Amino acid sequence: MKFSIPSLARSSIINKKTLKLLSDYNIPKKDIYVFVIEEEYNKYREIVDKDINVIVGDRGIGQQRSFISNYFNEGEKIVSLDDDITKIYELKNKKLEELDNLYKFCDKAFTLLNGEGMCGVYPTDNPYYMNENISTDLKFCIGQLRIFYNNQVIENSRKYILLEDYETSLKYWLDKKIIRFNNICVKADFNKLAGGLKSVCKRDFHTKAVEVDKFYEEYKQFCFVSDRLTKEGRKIDIRFKNKLIR
């Protein structure tokens, strides 16, 4: 089981976030791989523990995820984590508690997958919307924490940037299988920290809307467009249709 962390411009925080989390869960350092761009390699190598692997990969979220897939063997067990995760929670009695054992949880996920596909977790850390079950229908699995048997065809086929999590979820569901733990979520600082792989692309409403329209036209039998007003302004997203079973 390999724990991979794509990271960009966050050498100053990675030891305090995801690497600390993995250390707290006693994940062997030799099984942890941090993927960076070439010009930042020395900066990461200086601050990351010498027993943790630091690998020069590619720039951009889709490109780096493809590089990671090609770096490991086909079918290998991979746990992919964003670099800004501080906690992993489990829903118990309608309250969030810290997950007891990360390795055991990942091992359970691989057992359920039985050699193919991807497991994900609930996309927000809000216990009100979560429930204590596991989904096997088409569900969005956020890229912050993915557990999957390496499938290089799927991992190298991304066409979308801001919707790459949706694209990846759909492609694993169409080709293999997808499982989502609706009782597990992560706490991360995605929108609060500078850097990150998505910092190299535009994230304004227009750019997102163009991707959403393109995604919908390609996959409209599986999804719909959510265009709404929030306190933060107008937001547009893709939503998968309910209870789609292969």
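Below are the figures for this structure:
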item	result
The chain: equivalent-ellipsoid semi-axes (sqrt of 5 x gyration tensor eigenvalues, Cα, Å)	26, 22, 19
By average C-beta atoms within 10 angstrom, highest first, the peptides 94-107, 169-182, 67-80	169-182, 67-80, 94-107
Residue 137-residue 92 pseudo-label distance in nm [points 7 Å out on the Cα-to-Cβ vector]	3.0 nm
The chain: DSSP helices with Cα axial extent of at least 27 Å and average Kyte-Doolittle hydropathy no lower than -0.5	none
Nonlocal amide H pairs with residue 130, under 5 Å, H built at 1.01 Å	none
Most to least packed among 149-156, 212-219, 1-8 [average Cβ atoms within 10 Å]	1-8, 149-156, 212-219
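Read the figures in this text as sums done on the coordinates, not as results from a lab. Just so it is clear, the structure is predicted and the values come from calculations on it, not from any experiment. Cβ sites come from the backbone with ideal geometry, for glycine too, and all protein chains shown count toward neighbours.
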